[in-house]
Amino acid sequence: MYNIALFLSFTLLFFGCNINSDDAPENEENPNVPGTIYGSSTISLEEAYGALKTALENNAQIGIVAEVDHAQNAGSISKELGPTKIIFFGNPNLGTPLLQENQLAGLDLPQKVLFYEDKGQVFAIYNSTEYLASRHALAGTENLNQISGALENLVGEAIKGELESSISQSVTASEGIINVTSSKEFEATYQSLKTIISGNENLSILAELDHQANAQSRGLELRSTKIIIFGNPNLGTPLMQESQSIGLDLPQKILVWEDADGKVHLSYNDPEFLKLRHGINESDEEIQQISNALQNISEAAAN
């Protein structure tokens with residue numbers, strides 16, 4: 001559906017918008033999500049979001065994969081949520097080498113930036129390359145510095161402000177990732193997964209990405225790897241009402257991939273990991289429902 005993948009590549013020089021590496025932000029309202037870079041915008045959310053979108057559209061190497069207006073989705077089920085929007089975008093030239101090193105990096109690709117407004121203050125937040133490197137054992141991948149600089153420049157320019165690093169940037173390898181091994185071949189597993197999600201009236205598919213096809217479009221090799229992004233605002237909205245930053249890890253996604261031995265796996269982010277990452281303390285029922293749903297969907301697709 002979307003023949004554009006993964007990550008971000010900019011040919012511009014990396015200047016301006018320096019990241020402040022002070023340990024803790026003075027404003028306690030600032031997001032402090034482990035493994036992220038964030039900034040407070042000096043312009044409105046719509047202006048900052050629009051500036052980023054325009055910059056992406058003007059770069060021939062980058063494709064916008066999906067846009068999700070979480071507040072609008074909340075309104076569709078008669079729930080209130082402050083302005084919260086996320087944009088997914090990427091470039092296979094930089095994303096594919098990460099996937100060649102570890103296909104599980106596809107759980108955090110394509111790149112995404114969340115914008116939200118809380119108590120009149122507008123924030124932009126995205127995953128740092130340090131987080132990607134530690135979670136997916138990518139420390140030796142040469143283009144991480146290029147990606148980091150490009151993201152810094154891109155988001156800093158969009159918000160017209162400086163960026164901050166969260167206190168903690170690293171996680172352990174494969175932390176918060178649940179894997180299910182399939183008894184089927186790759187394509188049969190993926191089609192089964194898609195059918196199950198499509199057949200559930202509570203779920204909506206937001207995007208599908210064929211990382212292998214995108215790699216091949218740039219003359220690069222990659223084992224079979226696809227991701228499907230889907231959501232249910234009835235379960236996601238309460239989490240964002242408690243902590244808007246969790247919108248960075250929503251909607252949900254399941255990665256289907258074939259390893260070097262020909263085994264096929266379904267992988268997804270553990271909701272308990274996301275709960276801890278974003279400081280969710282009052283939505284245990286929704287977290288459990290999401291956990292059960294992801295487990296049931298993955299196991300049904302695998303068997």
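The values are calculated or read from the model by the stated rules, or taken from the named source; none is laboratory data. Predicted model only: the values in this text are computed from it and were never measured. FYI the Cβ positions are ideal-geometry reconstructions off the backbone, even for glycines, and counts take in every protein chain you see. The area values use the complete protein model at the heavy-atom level, side chains included, leaving out ligands, DNA and RNA. Shrake-Rupley method; radii C 1.70, N 1.55, O 1.52, S 1.80 Å.
Against the list (1) part of a loop (DSSP other than H, G, I, E, B); (2) surrounded by fewer than 18 Cβ atoms within 10 Å (Cβ to Cβ), the condition Ile196 fails is (1). Within the stretch 209-246, the set of residues being farther than 18 Å from Leu104 by Cβ and either of a type in the set (Val, Ile, Thr) or in a strand (DSSP E or B) (or both) comprises Phe230, Gly231, Thr237, Ile246.
A single entry from Gly161, Gly149, Gly140 fulfils the requirement of being outside any strand (DSSP E or B), surrounded by fewer than 19 Cβ atoms within 10 Å (Cβ to Cβ) and more than 19 Å from the chain's Cα centre (by Cα): Gly140.
Which of the following residues is of a type in the set (Ser, Thr, Tyr), in contact (Cβ under 8 Å) with a residue 12 or more places away in the chain, buried (at least 21 other Cβ atoms within 10 Å of the Cβ) and part of a helix (DSSP H, G or I): Tyr131, Tyr126?
On the way: Tyr126 fails: part of a helix (DSSP H, G or I).
Only one candidate passes the filter, namely Tyr131.
So which residues in the stretch 52-80 are open to solvent by less than 30 Å² (accessible area, probe 1.4 Å) and more than 30 Å from Gln216 (Cα to Cα)? Hits for the stretch 52-80 are His70, Ala71, Ala74.
Filtering the stretch 153-177 to residues that are within 20 Å of Ala105 (Cα to Cα) and of a type in the set (D, E, K, R) leaves only Glu175. Being open to solvent by 40 Å² or more (accessible area, probe 1.4 Å) and assigned to a helix (DSSP H, G or I) is the filter; apply it to the stretch 276-285 and report the residue that is nearest to Arg135 (Cα to Cα). Among those that are open to solvent by 40 Å² or more (accessible area, probe 1.4 Å) and assigned to a helix (DSSP H, G or I), it is Leu276. Restricting Asp261, Asp249 to residues that are of a type in the set (Asp, Glu), open to solvent by 20 Å² or more (accessible area, probe 1.4 Å) and either farther than 15 Å from Asn179 by Cα or out of contact with any Phe, Trp or Tyr (no Cβ under 8 Å at 6 or more places or on another chain) (or both) narrows the list to Asp261.
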